[in-house]
1. So which residues in segment 276-300 are charged (D, E, K, R), within 17 Å of R88 (Cβ to Cβ) and touching a Lys or Arg at 6+ places or on another chain (Cβ under 9 Å)?
2. When you go through (1) touching a strand residue (DSSP E or B) at 6+ places or on another chain (Cβ under 6 Å); (2) surrounded by 13 or more Cβ atoms within 10 Å (Cβ to Cβ); (3) without any contact (Cβ under 8 Å) to a residue 12 or more places away in the chain one by one for A182, which number turns out not to apply?
3. Could you tell me whether V122 is at pLDDT 95 or above, in a loop (DSSP other than H, G, I, E, B) and more than 21 Å from L48 (Cβ to Cβ)?
4. Can you list the strands (runs of 3 or more DSSP E) lying wholly within segment 196-311 that have 3 or more residues being surrounded by 14 or more Cβ atoms within 10 Å (Cβ to Cβ), β-branched (V, I, T) and within 20 Å of the chain's Cα centre (by Cα)?
5. Starting from residues that are among the charged types (D, E, K, R) and closer than 21 Å to H103 by Cβ, keep the ones in segment 120-139 and report whichever is nearest to the chain's Cα centre (by Cα).
6. Kindly indicate which of G336, G316 is assigned to a loop (DSSP other than H, G, I, E, B) and either at pLDDT 95 or above or within 30 Å of Y140 (Cβ to Cβ) (or both).
7. Select from segment 7-23 the residues that are aliphatic (A, V, I, L, M) and closer than 21 Å to G100 by Cα and write down the one among them that is surrounded by the fewest Cβ atoms within 10 Å (Cβ to Cβ).
8. Which ones in segment 18-59 are in contact with a helix residue (DSSP H, G or I) (Cβ under 6 Å, 6 or more places away or on another chain), under 18 Å from L81 (Cβ atoms) and of a type in the set (D, E, K, R)?
Amino acid sequence: MKTSKRMSLSEAVALIPDGATVVFGGWTVTRKPMAAVYEIIRQGKKNLHLVSNPGGPENDLLIGAGCIRLCETNYIGHEVLGHPYCFRRYYEKGGLDRTGYLHDDWTVQTGALRLLAGAMGVPFMPTLSLRGTDIINPEYDLLAPHRGKDPKVPRQKVQVMNDPFWGEGEVVLVPALKPDFAIIHVQMVGEEGTVRIYGGPFLDYYAAMAARTTIVTAEYITSEDYLRSQPELNVIPKEVVDVIVEVPFGAHPTTLAGMYDTDSAFFNEYVAASKSELAFKKWLSEWVLEIPDHMCYLEKLGVRRLLSLRADPALGYNAALKRRKKEPQEKTLATG
């Protein structure tokens, strides 16, 4: 007898213990599992180890809400939509000798290689790209005091070795990422967990393969027979998906190709509020903590606002949306 993978959002997030390592699907402001992020904050998860490649509003929100102890990433920001003030505030509070929020810089390529290693079940992956960079300069290794002591932190950031096969010089070994949980939002998932993604799949397949538990939130839960009728469009096999949750508008305020576009006005409000800790706490209370669940969040947004974000099926996005910020654009803080 088959056991259903279907859960409510609160049940799925309740599976995540304090201190777990979590990776989110999507890319910066595209297809982020924001409904799950809000629920993590509502449930008061603490000391999470966040790995991302790259990070977007979910990183900034979770850091600002005090859910994150350690973050390994190459970028945190909202792209053209604004600066990650919560991350910046937490990062600058501790200096190099931080005791609260811990941070480790990587690059987009090596972050991807680390996920690939985790997906392949190997402990590390070789690369040439980090040679000569400050990413591997021991002077800037902010996690050095924790290496060999914290089981969530690799014993070394990297290992440099000579090519033993062709004698072509030094290669850099980067450690695998092995998240406890991958949380991915998609357009469609089958009743048994087969995932279909329209638009860029990014690194979601590798994240799902690398994680011990994969939670997929989706706009629709549909039949496996329908998904099998065009198997070439499916991205993640059901065998690596553990939990499925139907969450309409589950990526808001980020974009979901073919369904709805970025809510730029929402980002403007969030970024403005995140500039100060007091204003951010007020925003967090209004939009997350005082809202019981995702359906109440959608009701607060309102049907007119949600309908205004609908994507043109022919384009995959909404060509009528205004995307300019009201204030001069600040540079987004990249970490790699």
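1. Result: E277, single match.
2. (3)
3. Taking the combined requirement at face value, the residue satisfies it.
4. Where strands (runs of 3 or more DSSP E) fall fully within segment 196-311 and carry at least 3 residues being surrounded by 14 or more Cβ atoms within 10 Å (Cβ to Cβ), β-branched (V, I, T) and within 20 Å of the chain's Cα centre (by Cα), they are 213-222, 243-246.
5. D134
6. So the residue among G336, G316 that is assigned to a loop (DSSP other than H, G, I, E, B) and either at pLDDT 95 or above or within 30 Å of Y140 (Cβ to Cβ) (or both) is G336.
7. A20
8. Within segment 18-59, K32, E58 qualify.
The values are calculated or read from the model by the stated rules, or taken from the named source; none is laboratory data. Source: prediction; values computed, not measured. So basically every Cβ, Gly included, is an ideal-geometry build from the backbone, and we count neighbours across all protein chains shown.
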